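Here the structure comes first, spelled out in structure tokens, and everything after it is commentary.
Values quoted throughout were computed directly from the atomic coordinates according to the rules given, and no laboratory measurement underlies them. Every value quoted in this text rests on a predicted model; they were computed, and no experiment measured them. Neighbour counts are summed over all protein chains in view; Cβ atoms, including those assigned to glycine, are modelled from backbone coordinates with ideal geometry.
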């Protein structure tokens, strides 16, 4: 098994997700490498776009006039946003790794971190909508992007984490007519 994943693997997940997950399954990436090379930069995009958009255009929340805030306040909010995303990434990867034992999946923290990064990547890229901080624009962009991220999550778990087949098929009870 390779210990590295390429940056192209993460970006290929946008247009060839199954091949990207298969490549991830063949590797054992280092948690540090995944975080410093990919996750950190994707985590910086939403707060940065939000800061730039809110500083230049103000937030349009449905009122006539946009809401402007002081630069210091926007910077504080953006740092808090980044810290919340950072906490979400690590806590999700750790919980995913913890649950992997239950389902017989791979327990490599680096692989879980890479999977969470791939799943969150569409949202990080679509956060460019924050450059024009209008609630309607953000909703119209981020809802389909969230749907794509959920697809990546459900398509990627069995492939990337090598979940045994017995856990990937749901058997529903048969309903007998009376």
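Computing FRET efficiency as 1/(1 + (r/R0)^6) for residue 131 and residue 163, where r is the C-beta to C-beta distance and R0 is 41 Å, gives about 0.60. The residues 150, 113, when put in order of fewest to most other Cβ atoms within 10 Å, stand as 150, 113.
Dividing the summed helix terms, -39500 (n - 2.57) for each DSSP H run of n ≥ 4, by the number of residues in the chain produces a 222 nm estimate of -21500 deg cm²/dmol to the nearest 500.
The long axis of helix 40-57 is offset from the longest Cα principal axis of the chain by roughly 30 degrees. Size descriptors for the chain (Cα atoms only): Rg and Dmax, in that order, 19.1, 68 Å. How far is helix 71-103 tilted off the main Cα axis of the chain, in degrees rounded to 10, range 0 to 90? Orientation of helix 71-103: about 10 degrees from the principal axis. Of the peptides 139-148, 19-28, the order by per-residue mean of other Cβ atoms within 10 Å, starting with the highest, comes out as 19-28, 139-148. For a paramagnetic label modelled on residue 90 (point 7 Å from Cα along Cα→Cβ), amide N atoms under 11 Å away are absent within segment 25-60.
Against the main long axis of the alpha-carbon atoms of the chain, helix 135-160 sits at an angle near 20°.
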